[in-house]
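Just below is one structure, and these are the notes that go with it.
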Amino acid sequence: MDDPDEQVYAHVRDRLLEIGPDAVQLLESSWEEKDYGLLFQSRIETLIHEIQFEECKRQLISWYRSSTKDLLKGAIIVAKYQYPGLDEKHIYEFIERVRRDCWLELNPNMTAFESIRIINKVLFGQYGFSGNSKNYNSPLNSFLNTVIETKKGNPLSLSILYSVIAQELKLPIYGVNLPNHFILAYMDNNGVNQFISNGNEYGVLFYINAFSKGSMLQKDDIVQFLTSIQVAPQASHFQPCSNSDIIRRMLTNLISSFQQVGNLEKVNELIELRSLLD
């Protein structure tokens with residue numbers, strides 16, 4: 001690793017890249033225990049990042065090709081781009097804890113509105129989650145582990161948490177890919193719209209703004225929002241989007257965040273990750 005001959009180093013590098021994640025622990029130990037100079041340390045740091053980035057790409061490709069495209073798993077893969085050593089188990093345990101706390105207060109006779117009030121009470125009241133208006137563009141708002149740690153997030157990350165928990169509770173709540181914002185749709189699985197004079201033709205009972213502590217919206221509110229930003233309404237603004245669209249938007253948000261702080265290396269890597277979902 002410390003050989004000044006670039007060809008020698010390139011051969012060693014290629015072999016370690018082939019080994020993949022199993023080589024990271026050995027490289028980290030060498031970095032900590034041996035002092036062969038700055039070139040040695042710099043090469044190890046670069047190589048560890050290359051291995052971890054390749055692993056992130058591999059996992060994202062595998063996720064995209066899967067039949068389920070589990071939303072929580074996709075968000076965790078994105079978080080592992082920045083935090084490759086994060087404890088996935090901790091995230092799953094946290095989601096289960098919130099789900100259980102909601103489940104204890106829910107009952108089958110509740111209306112959709114009553115169920116939402118319970119989730120809002122637990123997620124935003126008991127656990128203290130809120131939209132990060134002060135540092136809206138921070139990358140930390142897009143990584144699920146830091147959102148859980150700080151209890152702050154952007155519309156997308158909070159919506160992911162909300163919908164994952166809701167779906168674990170068998171509630172039909174899915175993401176809607178609005179321009180300049182991200183909300184959730186509570187789907188009308190019981191056919192309530194046919195009894196409402198202004199029923200939603202897109203099969204949605206009502207919408208939820210997770211960034212605003214779960215406030216409920218109707219179609220007219222979305223139309224008004226689109227008018228305010230001078231965007232012509234389209235069907236995609238009122239219907240649930242795919243999990244692939246959600247993860248693609250999460251990567252787009254991160255690209256924008258790192259562009260603002262001038263980190264072009266991360267911008268280019270995130271663009272490469274996003275291209276894997278095209």
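The values are calculated or read from the model by the stated rules, or taken from the named source; none is laboratory data. Please read all numbers here as calculations on a predicted model, not as lab measurements. Every residue, glycine as well, gets a Cβ built from its backbone with ideal geometry; the counts of neighbours run over all protein chains shown. What goes into the accessible areas is simple: the full protein's heavy atoms, side chains included, and nothing from ligands, DNA or RNA. Shrake-Rupley method; radii C 1.70, N 1.55, O 1.52, S 1.80 Å.
Observations, loosely collected:
- When ARG249, ARG97, ARG58, ARG43 are compared by accessible area at a 1.4 angstrom probe, the order from most to least is ARG58, ARG97, ARG249, ARG43.
- For SER115, solvent-accessible area (1.4 Å; no DNA, RNA or ligand), Å²: 10 Å²
- Using heavy atoms of the protein chains and a probe of 1.4 Å, the accessible area assigned to ASP220 is about 110 Å².
- Spatially close Lys pairs in the range 71-276, defined by Cα atoms under 20 Å apart and a spacing of eight or more places or different chains, total 18.
- Rounded accessible area per residue of the chain, 1.4 Å, Å²: 52 Å²
- Among SER42, SER62, SER212, the residue with the largest mean-square fluctuation in a Gaussian network model of the chain, with springs joining Cα atoms closer than 10 Å, is SER42.
- Between ASP188 and VAL204, LEU205, the built amide H atoms are under 5 Å apart, and every one of these is 5 or more places off in sequence or on another chain.
- Cα-based helix-to-principal-axis angle, 6-19 vs the chain, degrees rounded to 10: 40 degrees
- The chain: most fluctuating residue of ALA210, ALA232, ALA79 per GNM, C-alpha cutoff 10 Å: ALA232
- Per residue of the chain, the DSSP helices (runs of n ≥ 4 H) give a summed -39500 (n - 2.57) that works out to -17500 deg cm²/dmol at 222 nm.
- Spacing of the modelled spin labels on SER62 and GLU201, each 7 Å from Cα toward Cβ, amounts to 4.5 nm.
- Long-range Cα-Cα pairs in the range 80-127 (distance over 14 Å), rounded percent: 58 percent
- Of PRO139, PRO108, PRO179, the one that fluctuates the most in a GNM where the chain has Cα springs shorter than 10 Å: PRO108
- In Hz, Karplus ³J(HN,Hα) per residue of the range 148-153 (6.51, -1.76, 1.60; θ = phi - 60°; x = Gly, Pro): 5, 6, 8, 6, 10, x
- For the residues ILE229, ILE19, a 1.4 Å probe over the protein chains yields an accessible-area ranking, largest first, of ILE19, ILE229.
- On Cα atoms only, tilt of 24-33 relative to the major axis of the chain in degrees: 60 degrees
- Computed FRET value (nearest 0.05) for LEU276 with LYS151, which takes r as the C-beta separation and R₀ as 30 Å: 0.50
- Accessible-area order (highest first, 1.4 angstrom probe) of the listed residues HIS90, HIS237: HIS90, HIS237
- Axis angle, to the nearest 10 degrees, between helix 155-168 and the longest C-alpha principal axis of the chain: 70 degrees.
- Taking amide hydrogens as placed 1.01 Å from N in the peptide plane, the amide H of CYS241 sits under 5 Å from those of GLY175, VAL176, ASN177, each at least 5 positions away in sequence or on another chain.
- Rounded to whole Hz, the Karplus (6.51, -1.76, 1.60) HN-Hα couplings of the range 117-127, x for glycine and proline: 4, 5, 4, 4, 4, 6, 5, 9, x, 5, 9
- Note: relative contact order over the range 71-276, using C-alpha pairs below 8 Å and six or more positions apart, is 19 percent.
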